[in-house]
Amino acid sequence: MRHLTLTILAIFSVLTVAAQKKTLVDENERVILKFDLENETVSVPGMDDFGMFNGYFGGWNEKKGQPYIYGIWVLTSFKQPKPGTLNLRLSYDQGSETQAAELVQTSDTTWTLTLQGTTVIKRAVNRKLVKAPTTYHLKELK
């Protein structure tokens, strides 16, 4: 019985850690949210000199002429108020602008990211910066 309990605890802790490291994409909006909540192991594109972070939000699978998020937004802090929900703080250019967001798990492999408050994240459309959408429907990239 003791071995069964230890095995179940070991499996649970592996699943918990695995659930804390994700790569999520919204193919329609061409964005990626990559994070590791346990350790700072995520390399942020274009910011290698600053070391590793807990994650980032930015453009994904960009194509010329298609809308995408302008710049890379680093995950600077996060809280998990309840299971399946994360409150995120994203920062651009080392904190010159910040954006609060809520990430809610809607199924085993899908999540909804909602930008909160005033939206400061922009995207390029026809060579102009416009406010980005406030809601993204993300799927886990395996």
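The values are calculated or read from the model by the stated rules, or taken from the named source; none is laboratory data. Predicted model, so just to flag it, every value in this text is computed and none were measured. Glycine gets a Cβ as well: all are built from the backbone with ideal geometry, and neighbour counts include every protein chain shown.
Side notes on the structure shown:
- Condition met for Trp60 (aromatic (Phe, Trp, Tyr) and free of Cβ contacts under 8 Å to residues at least 40 places away in the same chain): yes
- Matching residues, region 100-142, being touching a residue at least 12 places away in the same chain (Cβ under 8 Å), of a type outside the set (Val, Ile, Thr), more than 15 Å from Gly59 (Cβ to Cβ) and part of a strand (DSSP E or B): Ala100, Ala101, Glu102, Leu103, Gln105, Trp111, Leu115, Gln116, Lys131, His137, Lys139, Glu140
- The residues in region 25-67 that are crowded, with 18+ Cβ neighbours inside 10 Å and hydroxyl-bearing (Ser, Thr, Tyr) can be counted, and the count is 1.
- Any chance Phe78 is farther than 30 Å from Lys128 by Cβ, modelled with pLDDT of 85 or more and surrounded by 14 or more Cβ atoms within 10 Å (Cβ to Cβ): yes
- Checking the stated criteria, Glu102 turns out not to satisfy the condition of being in contact with a Phe, Trp or Tyr (Cβ under 8 Å, 6 or more places away or on another chain) and either closer than 20 Å to Thr76 by Cα or of a type in the set (Asp, Glu) (or both).
- Residue in region 86-129 that is surrounded by the most Cβ atoms within 10 Å (Cβ to Cβ), counting only those that are touching a Ser or Thr at 6+ places or on another chain (Cβ under 8 Å) and among the hydroxyl-bearing types (Ser, Thr, Tyr): Tyr92
- One residue from Asn39, Asn87 being part of a loop (DSSP other than H, G, I, E, B), within 16 Å of Lys22 (Cβ to Cβ) and out of contact with any His (no Cβ under 9 Å at 6 or more places or on another chain): Asn39
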